[in-house]
Amino acid sequence: MTKYFDDLETRDPDVRERQLFRALADQIGNAKKNAPYFANLFKHVQPHEVRDRAALAKLPVTRKSELIALQKATPPFADMTAVPLSRLGRVFASPGPIYDPQGDKRDFWGIARALYAAGFREGELVHNTFSYHFTPAGFMFDLAAQTLGCPVFPAGVGQTELQVQAIADLKPSCYAGTPSFLKIILEKADEMKADVSSLHKAAVSGEAFLPSVRKTLADRGIVGYQSYGTADLGLIAYETEAREGLVVDEGVIVEIVRPGTGDPVPSGEVGEVVVTTLTSEYPLIRFGTGDMSAVLAGRSPCGRTNLRIKGWMGRADQTTKVKGMFVHPSQVAEVVKRHPQILRARLTVSHDAEKNDTMSFQCEIDGAAPEGFANTLADTIREVCKLRGDVVFKLPGTLPNDGKVIEDLRKYE
């Protein structure tokens with residue numbers, strides 16, 4: 001039995017990069033030919049010229065937050081699919097609603113790789129508590145388990161007592177679902193004096209895998225591994241036995257960009273996760289997830305050689321309302337773009353003594369601020385944001401590395 005799902009996981013990183021970008025050229029060509037949204041978005045893009053990450057970073061970002069409006073304007077998928085609806089296996093609805101297409105490949109979302117890393121093996125029964133109703137998570141994990149040769153009990157969500165009864169009767173060794181629901185099931189089993197000790201492996205997703213919950217499971221003999229993905233993209237990254245960050249899936253290209261922009265941040269800096277998928281049916285290229293993370297330096301001790309990220313670190317959409325007007329991360333980015341002296345910046349929103357909204361533009365600059373620069377910068381802030389803001393200069397490296405572009409400190413008690 002092999003340690004890895006396939007040989008792709010241990011490729012030389014340079015070989016992987018070349019192969020990914022060769023596939024990306026084909027994907028861009030596919031999107032331009034078959035998906036009208038991307039045909040328009042990339043009308044001036046020559047697929048073969050996008051040879052590396054620098055070239056990729058010049059392409060526009062399509063953000064998940066835009067999908068609701070785009071799909072309403074051009075239902076059902078905003079002209080982003082490269083095959084007709086009749087060629088799809090299933091269609092789902094995520095909150096919004098956002099409609100999510102499933103292609104006709106069995107492991108369409110690539111989750112099998114994450115289950116294999118979590119120790120799921122052929123013949124083991126999987127108790128799957130992700131929802132099969134409306135949203136795709138249930139089928140994501142169901143089809144992935146079947147790809148590995150694992151039978152599945154489609155438990156779905158809720159009905160905790162029936163979940164416990166099924167586990168006690170069927171004795172599955174594997175669990176798929178949120179970590180918090182597994183904890184609830186175990187507590188209910190104790191209350192019912194039911195034997196659920198057959199469970200030894202858990203593939204969890206959909207929420208943070210808190211250390212306290214991880215320990216609770218381990219104390220019960222259940223080894224849990226988390227994965228990170230979305231209904232639009234499928235698997236993005238997954239945990240391995242190294243327990244050091246999440247290894248990026250082999251079928252996607254991941255970038256970390258400054259929120260509100262498409263500009264990659266330096267390695268290790270927190271920013272928005274932007275993903276390009278090589279799935280031909282739904283060719284999402286530079287898709288902004290709205291999630292925050294950062295690249296983890298070095299290779300994983302588990303032997304997999306792909307890029308690692310630190311996992312989910314919050315949301316990138318930090319839009320806030322100040323004095324009745326919305327301020328967006330993209331506006332902060334525009335202020336920075338107009339002044340090359342600025343290395344990093346964040347806009348802090350707070351209240352004064354009379355509970356009036358105030359803004360402070362804090363920015364790191366290299367060296368002393370030129371005379372009059374604070375006033376010039378304040379004018380730019382007022383022009384771009386339509387609001388006044390104080391300017392505070394910081395030394396390089398003093399702003400927190402948390403990906404925040406707008407920080408709202410107001411309290412409303």
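Just so you know, all these numbers are worked out from the coordinates, no wet-lab data involved. This structure is a prediction, so every number in the text was calculated from the model and none was measured. For neighbour counting, all protein chains shown are included, and Cβ atoms are generated from backbone atoms with ideal geometry for every residue, glycine included.
General remarks:
- Label zone of Lys394 (point 7 Å out along Cα→Cβ, amide N under 13 Å): in the stretch 288-305 this covers no residue at all.
- Sequentially through the stretch 78-86, phi angles give Karplus couplings (6.51, -1.76, 1.60; θ = phi - 60°) of 6, 6, 9, 7, 9, 9, x, 4, 5 Hz, Gly and Pro residues having no value and appearing as x.
- Span-rule helices in the chain, defined as complete DSSP H runs reaching 18 Å or more along the axis (Cα) with Kyte mean at least -1.0: 179-192
- When Trp312, Trp109 are sorted by how many other C-beta atoms sit within 10 angstrom of their C-beta, beginning with the fewest, the order is Trp312, Trp109.
- Reported to the nearest whole Å, the Cα centre-to-centre distance from the stretch 368-385 to the stretch 304-356 is 17.
- Relative contact order %, the stretch 1-79, counting alpha carbon pairs below 8 Å whose residues are six or more apart: 23 percent
- Hydrodynamic radius (Kirkwood) for the stretch 24-80, which is based on Cα pairs only, to one decimal in Å: 12.0 Å
- 222 nm mean residue ellipticity, helices alone, for the chain (DSSP H n ≥ 4; -39,500 (n - 2.57); rounded to 500): -8000 deg cm²/dmol
- Other-chain or far-sequence residues with amide H under 5 Å of Ala155's (modelled H): Asn128
- Where only C-alpha atoms are counted, convex hull volume of the stretch 242-314 per residue in Å³: 84 Å³
- Burial ordering of Val392, Val252, fewest other beta-carbon atoms within 10 Å first: Val392, Val252
- The count of lysine pairs in the stretch 227-355 with alpha-carbon distances below 29 Å, taking only pairs 8 or more places apart or on different chains, stands at 5.
- Bridging of Lys3 to lysines at a Cα separation below 22 Å is possible for Lys201, once same-chain residues fewer than 8 apart are set aside.
- Rounded, prolate or oblate (a/c below 1.5 giving rounded, otherwise prolate when a/b exceeds b/c) for the stretch 1-151 by Cα gyration tensor: oblate
- The relative contact order of the stretch 221-378 comes to 15 percent, based on Cα pairs under 8 Å that sit 6 or more residues apart.
- Descending semi-axes in whole angstrom, ellipsoid equivalent of the stretch 320-408, from the Cα gyration tensor: 20, 14, 13
- The Rg/Rh ratio for the chain, using Cα coordinates for both the radius of gyration and the Kirkwood hydrodynamic radius, is 1.00.
- Computed log₁₀ I(q)/I(0) - Debye formula, equal Cα scatterers, no solvent, the stretch 272-386, q 0.11, 0.13, 0.21, 0.22 Å⁻¹: -0.56, -0.73, -1.21, -1.26
- With contacts taken as Cα pairs under 8 Å at a separation of at least 6 residues, the stretch 320-408 carries a relative contact order of 34 percent.
- Taking Asn34, Asn356, Asn401 in turn, the Gaussian network model of the chain (Cα-Cα springs below 10 Å) assigns the largest fluctuation to Asn356.
- Ascending count of other beta-carbon atoms within 10 Å, so fewest first, for Lys64, Lys394: Lys394, Lys64
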